[in-house]
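Undergrad: Before I ask anything, here is the structure I am working with.
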Amino acid sequence: MSVFCSPPAFSGLTALAMYLLTCEMSTSPSAGLLAAAFMGITPGYISRSVAGSYDNEAIAIFLLVFTFYLWIKAVKNGSIMWGALTALFYGYMVSAWGGYVFITNLIPLHVFVLICMGRYSSRTYIAYTTWYALGTLGSMQIPFVGFLPIRNSDHMSALGVFGLIQLVAFADFIRGFLPGKQFQKLLTSMILLIVGLGFGGLILLSVSGVIAPWSGRFYSLWDTGYAKIHIPIIASVSEHQPTAWPAFFFDLNFLIWLFPAGVFLCFQKLKDEHVFVIIYAVLSSYFAGVMVRLMLTLTPIVCVAAGLALSGVLDQFLVMSKPTAETKAKANAKDSKAYGKMSSPVVGIYSYFSKAFVSGSMTLYLLMFVAHCTWVTSNAYSSPSVVLASRLPDGSQHIIDDYREAYYWLRQNTPDNAKIMSWWDYGYQIGGMADRPTLVDNNTWNNTHIATVGKAMSSREEVSYPILRQHDVDYVLVVFGGLLGYSGDDLNKFLWMVRIAEGIWPDEIKERDFFTARGEYRVDDEATPTMKNSLMYKMSYYNYQSLFPPGQAVDRVRGTKVPTESPTLDTMEEAFTSENWIIRIFKVKDLDNLGRDHSNAVAFDKGLKRKRAAKRKGPRVLRTE
Amino acid sequence: MPAKRHAASTASAPAPSTTSTLSSGPATLKTNSSVLDITSHVWQQYLANTAQRTLLLDAFMAFLVLVGGLQFVYCVLAGNYPFNAFLSGFSAAVGQFVLTASLRMQTSEPGSGSPSKPSSKGKNARFADEDTEEDTGISHERAFADYIFGSLILHFFCINFIN
């Protein structure tokens, strides 16, 4: 990954961009400062920006906010320069994060709403067309995107609005030469007509297959059940699950109830930029409810809105001075009879009591927010995922360093070009810390690759071994938390591997086979034969029983006893097991010197007679080479 | 494009009350004038009201439309084999058109007294009481500098993309 920068630095830049963005929304300078401060400490964003987190989303959010700032600038000023800058940062965003589609759709929607509100002006035209023409070309330079902007429906709304705004501009131009009265009717009818035509055309093209169908991630935004049924790989990522309600409060604390207030304030002013805030707020709150990960896109707008609301309140109560005598007199003169009582002693928001009360409670909330953020950050987000910390009974901290131990072992004890197969979650870590090539990593977009790994993990050894040979795998790495009670291990992710593999090879891997007759996912004696014979199961429990007295081996994650006999591994040998057994690395055996297949060889080594070994075996397996 | 003018004129034709004499226009527009009349009226208004520089820009835009249209027709007829090349050529035309249109809007708005502004302002009055931001004066020089900046980026991308 070429884009590697320190997340905290980008966090600082994000706060800066947030200040600029919010200052565009409000005349009060305190709004921007508050929003920037919120952005800096809100857990929703700190989860990505703590030092040591290894994620390009920290960069992406900065780019998101800054692109929006430039966009607002462009709409306000109607200058080509700002539009071009928006496009440039949009291009950078495209290269950094797949979430750029959010911008691609939000900006056209903003323009569309502006047009529908009758707020079209040449400034809108200039900003939008410049952004679209340059930004689309820019995004097409990124190899990952390529021709998507003209093929994929995700991008079609931008193209549609681009066409629409040309027509609107032309209509506006013609209107200059015609009596204005009838024109409004003409304009709206024309918009309706064009949108109808465009939408029909879009559907037609989608159906006829000229345009690629909406990508799966997009579907899962609308139909939350979609991913689970059709694309296990999307549903398998925990961050793609629907958000639980407490998560909103956990990540945003009191901002979440300032948020609607800020949006309401935007409704009161309702200029171009406020429309933008409203649209962004509505869309992203929906999306954040659908996917945990998209909480990240909600956070900036929540900070903006909360900054606006809070600064509104504080400005009202702190800065606003008592109406002086003459203004009061003026007011009284204006509507003397109706509000005659107004001149009585200071009450309402001018009294010191209400000022002190409101500002005091706001300060309290702010302090609580800081405390909450600090607590969340220290507890939930600042523990690096490769080093686990736990508490011993006496309260002292115990560091579980199995990941680094294992990666270091790989680095020291394997040849430079040894290929490691693991589930894709560990791809980056292996690549970065062990410096070895992996079969799949976190950025693998080819579903089949991941499914191949899933198939190898969930099949019998006789099936897996040829797959491993074909892909030149030298070592297989599994994560096993059974000894320690570390629940994020591979056996718990195993069903996803099965499902993803099933998506590609439905007749070879069946999820049902991994459940017992009563529909339970078990690893103990009652586990199904398919489960017991799967490579993942064997690797996880290989020799695990030797740690315990006979018959008492316990898996602390699943909370069950483990079969008394260790599974046998014919095609692999254990290469390394870390201190707490979290990481286990197995070496894939080479082909047998004597041309036997591996189960025979192992049986021979054990001193068993050939006949018996042959009888025990299932279908004979072809050698691969 | 002519189709739209047609639509515009039909919509304006049945307007009941306005005998609509545009103050600056050379010819007057009757309520019951035919489609052709209105079209030619618009055309004459355009010729009369547009400054020489703006006409030049318009000619350039028409040329760009022509170039883009030719490429598109070629793509439809002869296949889109070097798709990159077609795409960058086409989007160069489109982008340049759009940029030129933007430049035209920025430069022709305040000076030439095109009557589009007051009417659009009247429409916006519902939302923003006094749209003072309507005339954030971007000077002609600044507009042209922006235009060059945008064009440079556009053509850099195009050349990079053309393979």
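Undergrad: May I ask for the distance between the Cα centers of segment A:412-476 and segment A:353-374, given as a whole number of Å?
TA: First find each Cα centre; the distance between them is then 52 Å.
Undergrad: What is the calculated FRET efficiency for residue A:590 to residue A:390, with r their C-beta to C-beta distance and R₀ = 41 Å, to the nearest 0.05?
TA: 0.55
Undergrad: Given a Förster distance of 51 Å, report the FRET efficiency between residue B:83 and residue A:398 from their Cβ-Cβ distance, rounded to the nearest 0.05.
TA: Plugging the Cβ-Cβ distance into 1/(1 + (r/R0)^6) gives 0.30.
Undergrad: Between the alpha-carbon centers of segment A:240-274 and segment B:58-85, tell me the distance in whole angstrom.
TA: The two parts, judged by their Cα centres, are 46 Å apart.
Undergrad: To the nearest 0.05, what FRET efficiency results for residue A:470 and residue A:605 with a Förster distance of 35 Å applied to their C-beta separation?
TA: Working: r = 26 Å, r/R0 = 0.73.
Plugging the Cβ-Cβ distance into 1/(1 + (r/R0)^6) gives 0.85.
Undergrad: Follow-up. Residue B:55 versus residue A:195, label points 7 Å from Cα toward the beta carbon: distance in nm?
TA: Here the modelled spin labels are 3.9 nm apart.
Undergrad: Same structure, new question: Is segment A:400-590 best put as rounded, prolate or oblate by its Cα gyration tensor, with a ≥ b ≥ c the root eigenvalues, rounded for a/c under 1.5, and otherwise prolate when a/b is larger than b/c, oblate when not?
TA: Because a/c hits 1.5 or more and a/b fails to exceed b/c, segment A:400-590 counts as oblate.
Undergrad: Same structure again: Determine ³J(HN,Hα), in whole Hz, for all residues of segment A:243-259 in sequence, where each value follows from phi through the Karplus function 6.51 cos²θ - 1.76 cosθ + 1.60 and θ = phi - 60°; x replaces Gly and Pro.
TA: 6, 7, 4, x, 4, 4, 5, 4, 8, 10, 6, 6, 4, 5, 9, 7, 4
Undergrad: From other protein chains only, count the Cβ atoms within 10 Å of every residue's Cβ in A:162-174, then give the mean. Can you show the working numbers first?
TA: On the way: counts 2, 0, 0, 1, 4, 1, 0, 4, 5, 3, 4, 6, 9.
Taking all residues of A:162-174 together, the mean is 3.
Undergrad: State the extension gain, in nm to one decimal, for the chain segment bounded by residue B:155 and residue B:62, taking 0.36 nm per residue of separation less the distance between their alpha-carbons.
TA: On the way: separation 93, 0.36 × 93 = 33.48 nm, distance 1.92 nm.
So the chain would gain 31.6 nm between residue B:155 and residue B:62.
Undergrad: Note down the relative contact order for segment A:382-436 as a percent, whole number, built from C-alpha pairs under 8 angstrom at least six residues apart.
TA: Relative contact order here is 29 percent.
Undergrad: Which value in nm describes the separation of the simple spin-label points at residue A:574 and residue A:363, placed 7 Å from the Cα toward the beta carbon?
TA: 6.3 nm
Undergrad: Report the extension gain between residue A:354 and residue A:487 in nm, rounded to one decimal, defined as 0.36 nm multiplied by the number of residues separating them, less their alpha carbon distance.
TA: 42.7 nm
Undergrad: Using 0.36 nm times the number of residues separating residue B:163 and residue B:76, minus their current alpha carbon distance, what extension gain do you get?
TA: Result for the pair: 29.2 nm of gain on full extension.
Undergrad: So for segment A:400-590: antiparallel DSSP bridges make up what percent, rounded to the nearest 5?
TA: 80 percent
Undergrad: Sort A:295-307, A:102-114, B:70-82 by the packing proxy (mean of other Cβ within 10 Å over each peptide's residues), most packed first.
TA: In descending order of packing, they fall as A:295-307, A:102-114, B:70-82.
Undergrad: Still on this structure, I have one more. Sequence gap at least 6, Cα distance under 8 Å: using those rules, report the relative contact order of segment A:465-517 to the nearest whole percent.
TA: Details: 22 pairs, mean separation 9.8, N = 53.
The value is 18 percent.
Undergrad: May I pose another question? Cut-off 20 Å, label point 7 angstrom out along Cα-to-Cβ of residue B:144: give me the residues of segment B:88-104 whose amide nitrogen falls inside.
TA: Residues B:96-104 fall inside that zone.
Values quoted throughout were computed directly from the atomic coordinates according to the rules given, and no laboratory measurement underlies them. These figures come from a predicted structure and were not determined experimentally. We place every Cβ from the backbone using ideal geometry, glycine too, and count neighbours over all the protein chains shown.
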